[in-house]
1. Looking only at the range 21-35, filter to residues that are in a strand (DSSP E or B) and at pLDDT 95 or above; which one of those is surrounded by the fewest Cβ atoms within 10 Å (Cβ to Cβ)?
2. Specify which of the listed residues (LYS121, LYS81) is modelled with pLDDT under 95, over 15 Å from GLU30 (Cα atoms) and of a type outside the set (Asp, Glu).
3. Among PRO105, PRO112, which is the only one that is under 14 Å from THR46 (Cβ atoms), in a loop (DSSP other than H, G, I, E, B) and at pLDDT 95 or above?
4. In the range 47-91, what residues are among the hydroxyl-bearing types (Ser, Thr, Tyr) and either surrounded by fewer than 20 Cβ atoms within 10 Å (Cβ to Cβ) or part of a strand (DSSP E or B) (or both)?
5. Within the range 99-127, can you find the residues that are among the acidic types (Asp, Glu), in contact (Cβ under 8 Å) with a residue 24 or more places away in the chain and closer than 22 Å to VAL80 by Cα?
Amino acid sequence: MKKIVNELNLKKDNGGIIVNIPEKLFYTSEHEWIKVEGEQGRIGITDYAQHHLGDIVFAELPELDETFAMSESLGVVESVKAVSSIFCPVGGTVIEVNEALESAPELINEDPYENWIAIIKITDSSELDKLMSAEAYAAYCQTLED
């Protein structure tokens with residue numbers, strides 16, 4: 001597997017899969033990420049999550065202008081193995097959804113960081129302080145594998 005610059009790699013025990021954890025994102029313990037761009041946040045699921053879910057076959061996206069609290073479910077991804085809720089990393093209002101995922105949810109498996117779920121206008125940026133850095137998230141994922 002190719003090594004991507006500016007990313008941490010987490011080696012998993014099940015077959016030596018490399019999991020990419022980009023540095024400039026914030027992470028939740030439920031395996032969502034958020035990339036902050038001014039007052040907006042781009043949200044998706046992590047590489048760790050998509051590896052554990054397997055082939056994603058369905059994505060339920062939030063509605064535009066819908067408002068979510070921190071940790072509230074904003075959508076669902078369904079794989080051949082499981083159905084998993086997507087939780088909002090911080091509170092905000094949906095201003096854009098990645099409509100390509102409605103017809104091609106498997107794009108999340110191809111690159112979970114390029115194929116985001118939604119963009120929100122962040123309500124309270126202080127909530128970002130409750131999320132994990134890339135280093136903290138990598139350490140957290142490692143505890144799940146031990």
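1. In this case the residue turns out to be LYS35.
2. After ruling out the rest, the residue left standing is LYS81.
3. Sole residue among the options that is under 14 Å from THR46 (Cβ atoms), in a loop (DSSP other than H, G, I, E, B) and at pLDDT 95 or above: PRO112.
4. THR67, SER71, SER73, SER79, SER84, SER85 - these are the residues of the range 47-91 that are among the hydroxyl-bearing types (Ser, Thr, Tyr) and either surrounded by fewer than 20 Cβ atoms within 10 Å (Cβ to Cβ) or part of a strand (DSSP E or B) (or both).
5. Residues satisfying the conditions are GLU99, GLU102, GLU106.
Okay, residues lined up against (1) of a type in the set (A, V, I, L, M); (2) at pLDDT 90 or above; (3) under 16 Å from THR93 (Cβ atoms); (4) in contact with a helix residue (DSSP H, G or I) (Cβ under 7 Å, 6 or more places away or on another chain):
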residue: ASN6; (1), (2), (3), (4): no, no, no, no
residue: VAL19; (1), (2), (3), (4): yes, no, no, yes
residue: ILE56; (1), (2), (3), (4): yes, yes, no, yes
residue: GLU63; (1), (2), (3), (4): no, yes, yes, no
residue: PHE68; (1), (2), (3), (4): no, yes, yes, no
residue: GLU72; (1), (2), (3), (4): no, yes, yes, no
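The values are calculated or read from the model by the stated rules, or taken from the named source; none is laboratory data. The structure presented is a predicted model; accordingly, all values stated were derived computationally and were not measured. Reconstructed Cβ throughout: ideal geometry from the backbone, glycine too, with neighbour counts over all protein chains shown.
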